[in-house]
Each structure stands twice: as C-alpha cells, then as structure tokens.
Amino acid sequence: MSSTAAIDFDTIEAQVRADAERKVTVLREIVDTHTELTREREELLSADADRVRRLTALLAEASAAGFDRKTLAPFHAEPLGAKRPATRKRTAAPRARTTPAPADDTDSSAGTTPTTSTAADAAPVGG
C-alpha cells in the first residue's frame with residue numbers, strides 16, 4: 001500500500017480565506033478611492049465651470065467698456081474638460097506602384113521597346 005500524507009483541510013481553508021480576505025480588502029480600497037476621486041473631480045469641474053462663466057461675463061463687461069480683443073485675449077479660458085483630445089493625424093497609406101507587365105520579351109529594365117532615332121529628332125529647335 002502507498003502511504004499518502006493526510007490532507008489538512010482546515011489549514012488549506014484558512015489559507016484560502018486569508019487570500020480572499022486580502023483581495024476583498026484591496027477591492028474595497030479601490031472602490032472607495034475611485035468613488036472619492038470621481039466625486040472630487042466632479043466638484044472641481046463644477047467649480048471650474050462656475051469660474052469660467054464668471055470670467056466670461058467679466059470679459060464681456062470689459063469689452064463693452066472699451067477694451068479691445070487683443071488686450072483681453074490672454075484672459076480667455078475654456079472650462080476644464082471642454083477641449084477634445086488631440087486627434088491623430090492620419091497619413092495616407094503609401095500607394096503601391098503599379099506598372100503594366102511587359103507584353104513580350106522586350107527590355108524590361110526600360111519598360112518600353114527601343115525606338116530608332118530619326119533626323120527630325122536630331123534637328124535643332126528654332127532654326
């Protein structure tokens with residue numbers, strides 16, 4: 001007969017429960033931190049939007065009072081999160097060069113059949 005070690009179920013169960021408890025603890029911290037972060041961001045965005053509206057109204061008032069746009073331009077601000085993320089510029093895919101296949105056994109390096117020159121080709125232009 002073979003001798004087998006007795007399985008200590010209580011020890012294995014305690015280890016599994018301890019591992020599960022660590023996972024649950026970390027998961028609770030993750031959820032709590034994410035909830036707090038989301039709430040604080042929403043509060044920040046709301047307060048920022050209020051300040052931007054106030055600034056925009058003040059800039060309109062200053063413009064009505066006679067300040068020119070160039071003077072007021074540095075003070076213009078967009079609300080946080082209002083800008084779209086930068087879009088990736090797409091470049092055109094390189095075009096495949098298509099050359100017609102030679103019809104017969106001509107000089108394929110030139111891509112055309114050789115021609116003979118005539119006297120008209122050699123005549124100077126304009127006289």
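The values are calculated or read from the model by the stated rules, or taken from the named source; none is laboratory data. Predicted model only: the values in this text are computed from it and were never measured. Note that we place each Cβ from the backbone using ideal geometry, even for glycine, and neighbour counts take in every protein chain shown.
Across the range 3-24, which residue is surrounded by the fewest Cβ atoms within 10 Å (Cβ to Cβ) among those that are outside any helix (DSSP H, G or I) and either among the polar types (S, T, N, Q) or at pLDDT 95 or above (or both)?
Of everything passing the filter in the range 3-24, 3 is surrounded by the fewest Cβ atoms within 10 Å (Cβ to Cβ).
From 21, 43, which residue is within 31 Å of the chain's Cα centre (by Cα) and of a type in the set (Asp, Glu)?
The conditions single out 43.
So the check is Cβ under 8 Å with 6+ separation or different chains; which pairs have a first residue in the range 33-62 that's within 17 Å of residue 74 (Cβ to Cβ) and a second one that's of a type in the set (Gly, Ala, Ser) and not in a helix (DSSP H, G or I)?
Close Cβ pairs (under 8 Å, with a partner that is of a type in the set (Gly, Ala, Ser) and not in a helix (DSSP H, G or I)) amount to 52/77; 55/77.
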